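The values are calculated or read from the model by the stated rules, or taken from the named source; none is laboratory data. Bear in mind that the values here come from a model prediction, so they are computed numbers and not experimental data. Counting neighbours? That spans all protein chains shown, and the Cβs are built from the backbone with ideal geometry, glycine included.
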Amino acid sequence: MKPQVYIRVDGNSEIGLGHLIRSMALARNISEEFLTTFFCRFIPEALKQELASFDLNLKEIQHEEQFFSAVEKGCTVVVDGYNFDSVYQKKLADKGALIVVVDDLYQGKFNVDAIINHALGVLPENYNAMPFTQLCLGTEYALLRPEFLQLHDRESEKNAGLSLLICFGGADPLNLTLRALEVAGEFPQIETIRVVIGAAYQMREHLFQKISGMSREIQLLENLNPSGMAKVMSQSTHAIVPCSGTLLEALSAKLVVISGYYADNQRQFYTGFRHAKAFVDAEQFESDQLRGALTSALSRRTTLFKGIDTEIPGRFKKLFSSLEMQKKISLRQAGQVDDKLTYRWGNDRLVRKYSFTKNHIPFEEHKKWFKEKVTSPACIYLIAEYQQEPVGSVRFDLNEGNVAVVSYLIDSSFHGKGLGLPVLRSAIKHLAQNFSELSAIIGYVMKENLASLVIFRKLGFNEEILSDRIKFTRNWKNEK
């Protein structure tokens, strides 16, 4: 049976539908290997039907306690919304859940297992997160629905003329759709204008009046499913969209995009993609700003942005598979009875290949060293077991200044199974939860040890290149 993932998210005309749409994209990208259940207090009927069409489960709730009562120890929970703050996260953590946050603001403290933020320009140091938190940042983790990933590699259906798509998401509370349409109507060289509105759009009457009074034909499309939206994008050459998930979809479709922001939660998204020159800047979508951006954009037929790839579903599957493996990992304190086990690991040819000490270590020498380590108050030596079988060790040597230097290894017979990240993440989580005075973790990795380099980078460690190794550092303040 597939493992279960719970997703807590809402959407309506006040909140907007962006959180729901991107969470649905995440669920669909992992659906081959995971079952997902959405818990929603607010969700439009059209999106209920869309969830059902993709065999994604939905449980509607009236209050949060209904959701918390469903969460059990070992659950994997995704939360996407600005009200799911550190207090909410702690309540989930206290129930033993593994927590993934979908975020775009990096405000406050995060006590979670992973953070997904698909904006450009976001750095690990932007987050006040725990040292075991995996940081999934940038367009490598773009929350795109499969139809748009497929569109990225597919031949477009565009004809020779200019065609413009206008879409401000499912709600558009400021009715920027109408303003963009009014400005676009001033450009006779645009042969086709397609306007897409969503389930939470509240200003249809004003929009209908405007369209009926225009001398040109406007295609008005409502509540498109992902396939319908992808088809519209494949037929368009240009798009006016906000800095949201719709921008990523338009970029994946290789449109020339005019974009900007109208809400504070879009500002950082806007800054990163503007710096990458991913769109023609319409700033805050004032009429003059739109007019200038359209004038510039219509002279272009290709986008300069190449930051979307089709490996995204695989990355999300690896993230959730790693969390699933973490549930099956247990840690115990190493004892003197482990001297033969750790001796075998330490002298393994593949382990020594990436060790800073290459020579074979005699057993008596190892036994003496090992006894000193497991009896020292300045050393935390852990044995990691996966499904009750020892698979590796993690050692933290405590230095002055409350700094822990970490060393870890995985039994070579388990190499290539993806255990390195969940083992190290579990050990750092144990350290953070039990040693509140620590201020930093440092790890040293050989430049040739590509697997360990990837693991430390995924955990958001800062890196410093030394002559024969790379030094990784993660600073944090563990507040009890």
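The table for this structure:
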| item | result |
| --- | --- |
| Condition broken by Tyr381, with the remaining ones in (1) under 14 Å from Leu331 (Cβ atoms); (2) of a type outside the set (Val, Ile, Thr); (3) without any contact (Cβ under 8 Å) to a residue 24 or more places away in the chain satisfied | (3) |
| Meets criteria (out of contact with any Cys (no Cβ under 6 Å at 6 or more places or on another chain) and closer than 25 Å to Arg145 by Cβ) for Thr295 | no |
| Subset of the range 83-107 [within 17 Å of Leu137 (Cα to Cα), without any contact (Cβ under 8 Å) to a residue 24 or more places away in the chain and not β-branched (Val, Ile, Thr)] | Asp103, Gln107 |
| Count - residues of the range 131-152 that are in a loop (DSSP other than H, G, I, E, B) and buried (at least 21 other Cβ atoms within 10 Å of the Cβ) | 7 |
| Leading residue by the ranking (nearest to Glu182 (Cα to Cα)) among those in the range 195-210 that are under 33 Å from the mean Cα position of the chain (by Cα) and hydrophobic (A, V, I, L, M, F, W, C) | Val195 |
| Members of the range 290-330 that are assigned to a helix (DSSP H, G or I), more than 30 Å from Lys429 (Cβ to Cβ) and out of contact with any strand residue (DSSP E or B) (no Cβ under 8 Å at 6 or more places or on another chain) | Arg291, Gly292, Thr295 |
| Single residue of Lys254, Lys210 found to be farther than 25 Å from Gly11 by Cβ and either of a type in the set (Gly, Ala, Ser) or part of a helix (DSSP H, G or I) (or both) | Lys210 |
| Lone unmet requirement of (1) at pLDDT below 95; (2) in the same structural domain as Ile166 (by TED's automatic domain parsing) for Leu304 | (2) |
| Hits in the range 331-362 (condition: outside any helix (DSSP H, G or I) and within 30 Å of Gly96 (Cα to Cα)) | Leu331, Arg332, Gln333, Ala334, Gly335 |
| Qualifying residue in the range 168-189 (condition: in contact with a Ser or Thr (Cβ under 6 Å, 6 or more places away or on another chain) and β-branched (Val, Ile, Thr)) | yes |
| Pair list, Cβ under 7 Å, 6 or more apart: the range 354-377 residue in the same structural domain as Val445 (by TED's automatic domain parsing) and exposed (fewer than 11 other Cβ atoms within 10 Å of the Cβ), other residue in a helix (DSSP H, G or I) and of a type outside the set (Val, Ile, Thr) | Lys358/Arg352 |
| Any chance Phe320 is surrounded by 13 or more Cβ atoms within 10 Å (Cβ to Cβ), modelled with pLDDT of 95 or more and more than 34 Å from the chain's Cα centre (by Cα) | no |
| Within the range 108-123, tally of residues that are buried (at least 18 other Cβ atoms within 10 Å of the Cβ) and either touching a residue at least 40 places away in the same chain (Cβ under 8 Å) or assigned to a helix (DSSP H, G or I) (or both) | 7 |
| Failed item in (1) more than 27 Å from Lys48 (Cα to Cα); (2) crowded, with 18+ Cβ neighbours inside 10 Å, with Val232 passing the rest | (1) |
| Residue match in the range 464-473 (condition: acidic (Asp, Glu), outside the structural domain of Gly74 (by TED's automatic domain parsing) and under 24 Å from Ser321 (Cα atoms)) | no |
| Condition check for Thr342: in contact with a His (Cβ under 8 Å, 6 or more places away or on another chain), outside the structural domain of Leu162 (by TED's automatic domain parsing), within 29 Å of Lys458 (Cβ to Cβ) and at pLDDT 95 or above | yes |
| Test for Arg291: is it surrounded by fewer than 19 Cβ atoms within 10 Å (Cβ to Cβ), at pLDDT 95 or above and more than 18 Å from Gly121 (Cα to Cα) | yes |
| Residue that is surrounded by the fewest Cβ atoms within 10 Å (Cβ to Cβ) [pool: residues in the range 452-480 that are small (Gly, Ala, Ser) and at pLDDT below 95] | Ser467 |
| Selection count where residues are over 19 Å from Thr139 (Cβ atoms) and buried (at least 16 other Cβ atoms within 10 Å of the Cβ), scope the range 264-283 | 2 |
